[in-house]
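Structure, as C-alpha cells:
The values are calculated or read from the model by the stated rules, or taken from the named source; none is laboratory data. Just so you know, these numbers come straight off a predicted model, no measurement behind them. Every residue, glycine as well, gets a Cβ built from its backbone with ideal geometry; the counts of neighbours run over all protein chains shown. Heads up: the accessible areas ignore ligands, DNA and RNA and are worked out on the full protein's heavy atoms, side chains in. Shrake-Rupley method; radii C 1.70, N 1.55, O 1.52, S 1.80 Å.
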Amino acid sequence: MDSHEVSAARLIAQGLTDSSHSTSATTLSVVSHLGCVQAQALGGALVSIALRTSTSVTAVREAMNAGDIVRTWTQRGTIHLVAAEDLGWVLQLTGQRTLKAVAKRREVFGITDAMVDSAALLAEETIRERGPVTRQELLDAFAPLQAGKEYGHERYLITTLALRNIIAQGPMVEDKDDMKYVLTADWIPNPVDLDAEAALHEWMRRYVLSHGPVTVDDAARWTGLPKTPVRQALAAAVAETEIVEISIDGRNYYQAPDLDDRVHENRKQASELLLLPGFDEIILGYKDRSATLDPTHEKLVVPGGNGMFKNTLIHGTRARATWKRSPRKTGPRLIIEPFEDETVDVARAEVVAATHPAFV
C-alpha cells in the first residue's frame, strides 16, 4: 500500500463502501467495530451508523432503544456512542483521567464532593422511581442542591456522574435527536469486565481494525491517552497477529492483516461519491486527516479546529466539498460548497441524496 491508497483503505475499514455492507451489519456491530462513535451531534451520528448498516435513521433509533448502545463522555471529554456492555472498561481507561483534567472547575462552580454524592443519590432515586429521564428532568431532581443555574454547574454534575459510570444516556427521546438518562447499574445487566491492560489492548485492536491504517499519534489522539501505553498495546496486538505493522512512505502504520487484499478488491467501490455528516469518524477519527482531507481545506470543514465539523462530500476517496440540506421543498436537495480547485459532480450527488438516510 502507498500513501495514495490510505484514504481508500480507511473507507473500507470503516464499512463505508457498498462491498462492506452486509445483512449482518447492525447498529450494535457497527458501534462495537468502531470502538466508539463521536456523538456530539447525535443526529449526524445516527446517519453515520445508518450509512454503515444500509438502513434508515428510524431503524437506528429503534436499535438504540433496545438498550445495546449508550451515549456518554467516553474520551477526550467528548460525548460518544459505545456498546453498553463495553462502557465499564472504557471508562476504567478514561474516566478518572478526564475527571482529573476538569477538577479545577470545582472551584469555579463551587461544587463539592458532598454535592456530587448527593447528586448521585438524587439521580438514583429519581430514575428508579420514574424510569429514564430527560436532561431537564434530571436537573430538576438536582434542584435541592442549589448548585446554580449556569450551564457549567449543571453540566459538571451530569458529566461527573457519567464519568463515574453512575448514569449514561440510554433510550431516545421521542421525535428528538436526544436521549434519556438511565442508571448504568440497572440498564446494563451484563457488563464486560476487563482489567486495564486487557481493556486497552481490546480498544486498540478495535480502533486499528476499524480505522486503519493508523499511526501511534492517531490512536493516542483518538483515545486521549498517553502514547507510551498506546504504543505498548499496539505492539502486543501485533505480537498476537491481531493487527500488522506496515511502513508507508517511511512512516509506521497499523492495520488489519487482510486490509491490503480488501483494498485491491474494493478500490472502485471506495472511490464512489459519499455524503457524510460532519462528525463522521472518517474525518474525526485521526490526528492526521490529510489522507482524506487536504490540510489547505481543513479549516473549511473544521472552522474552529475541533469544535465543529461540517458535512463532507467525498469522491475518489478525497474530501471535495462541504454540503448541507437545502431548505427548499422542491428542486435540488443539496447546497454544495466545493473547495477551491475542486470540481464536484452535482448531478451524482443529487442521485446519492435521493436514497441517503439524512433525507429519507
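Return the residues of region 134-156 that are under 23 Å from the mean Cα position of the chain (by Cα) and either at pLDDT 90 or above or polar (S, T, N, Q) (or both); say none if nothing qualifies.
Passing the criteria: 134, 135.
Would you confirm whether or not region 264-274 contains a residue that is in contact (Cβ under 8 Å) with a residue 60 or more places away in the chain, surrounded by fewer than 17 Cβ atoms within 10 Å (Cβ to Cβ) and part of a loop (DSSP other than H, G, I, E, B)?
yes
Taking the criterion of being crowded, with 19+ Cβ neighbours inside 10 Å, basic (Lys, Arg) and either closer than 26 Å to residue 60 by Cβ or under 20 Å from the mean Cα position of the chain (by Cα) (or both), would at least one residue in region 314-327 satisfy it?
no
Are any residues in region 194-215 surrounded by 16 or more Cβ atoms within 10 Å (Cβ to Cβ) and either of a type in the set (Phe, Trp, Tyr) or outside any helix (DSSP H, G or I) (or both), and if so, which ones?
Across region 194-215, the qualifying residues are 194, 203, 207, 212, 213, 214, 215.
What residue, of 177, 218, is open to solvent by 10 Å² or more (accessible area, probe 1.4 Å) and of a type outside the set (A, V, I, L, M)?
Details: 218 fails: open to solvent by 10 Å² or more (accessible area, probe 1.4 Å).
That would be 177, the only listed residue that is open to solvent by 10 Å² or more (accessible area, probe 1.4 Å) and of a type outside the set (A, V, I, L, M).
If I ask for residues that are closer than 22 Å to residue 284 by Cβ and among the acidic types (Asp, Glu), which ones from region 56-95 would you list?
Selection gives 86 alone.
Looking at residue 289, is it free of Cβ contacts under 8 Å to residues at least 24 places away in the same chain and open to solvent by less than 70 Å² (accessible area, probe 1.4 Å)? Give the steps one after another, and end with the answer.
On the way: free of Cβ contacts under 8 Å to residues at least 24 places away in the same chain: yes; open to solvent by less than 70 Å² (accessible area, probe 1.4 Å): yes.
Answer is yes for this residue.
Which one of the conditions (1) in a helix (DSSP H, G or I); (2) in contact (Cβ under 8 Å) with a residue 24 or more places away in the chain does residue 231 fail to meet, given that it meets all the rest?
Of the numbered conditions (1) in a helix (DSSP H, G or I); (2) in contact (Cβ under 8 Å) with a residue 24 or more places away in the chain, the odd one out for residue 231 is (2).
Could you say which residue among 139, 121, 145, 157 is among the hydrophobic types (A, V, I, L, M, F, W, C), out of contact with any His (no Cβ under 8 Å at 6 or more places or on another chain) and loosely packed, with under 15 Cβ neighbours inside 10 Å?
Details: 139 fails: loosely packed, with under 15 Cβ neighbours inside 10 Å; 145 fails: loosely packed, with under 15 Cβ neighbours inside 10 Å; 157 fails: loosely packed, with under 15 Cβ neighbours inside 10 Å.
Every option except 121 fails the conditions.
Looking only at residues in region 166-193 that are in contact (Cβ under 8 Å) with a residue 40 or more places away in the chain and among the small types (Gly, Ala, Ser), which one is nearest to residue 62 (Cα to Cα)? Even if it seems obvious, please write down each step before you answer.
Step one: filter region 166-193 for residues in contact (Cβ under 8 Å) with a residue 40 or more places away in the chain, giving 166-172, 177-184, 186-188, 190-193.
Filter again for among the small types (Gly, Ala, Ser), leaving 168, 170.
Details: 168: 18, 170: 12 Å.
Ranking the qualifying residues of region 166-193, first place goes to 170.
Quick one: in region 90-114, which of the residues that are open to solvent by 20 Å² or more (accessible area, probe 1.4 Å) and β-branched (Val, Ile, Thr) is nearest to residue 194 (Cα to Cα)?
At the first step, the residues of region 90-114 found to be open to solvent by 20 Å² or more (accessible area, probe 1.4 Å) are 92-93, 96-110, 112-114.
When the remaining residues are screened for being β-branched (Val, Ile, Thr), the result is 98, 102, 108, 112.
Working: 98: 19, 102: 26, 108: 35, 112: 31 Å.
My answer is 98.
Tell me, which residue of region 52-89 that is closer than 18 Å to residue 182 by Cα and β-branched (Val, Ile, Thr) is most open to solvent (accessible area, probe 1.4 Å)?
Here the residue is 79.
Keeping to region 46-104, report how many residues are of a type outside the set (S, T, N, Q), outside any helix (DSSP H, G or I) and within 16 Å of the chain's Cα centre (by Cα). Can you show your working first?
So in region 46-104, the residues of a type outside the set (S, T, N, Q) come out as 46-47, 49-52, 57, 59-64, 66-71, 73, 76-77, 79-91, 93, 95, 97, 99-104.
Then drop every residue that is not outside any helix (DSSP H, G or I), which leaves 66-71, 73, 76-77, 79-83, 102-104.
Remaining after also requiring within 16 Å of the chain's Cα centre (by Cα): 68-71, 73, 76-77, 79-83.
Within region 46-104, residues that are of a type outside the set (S, T, N, Q), outside any helix (DSSP H, G or I) and within 16 Å of the chain's Cα centre (by Cα) number 12.
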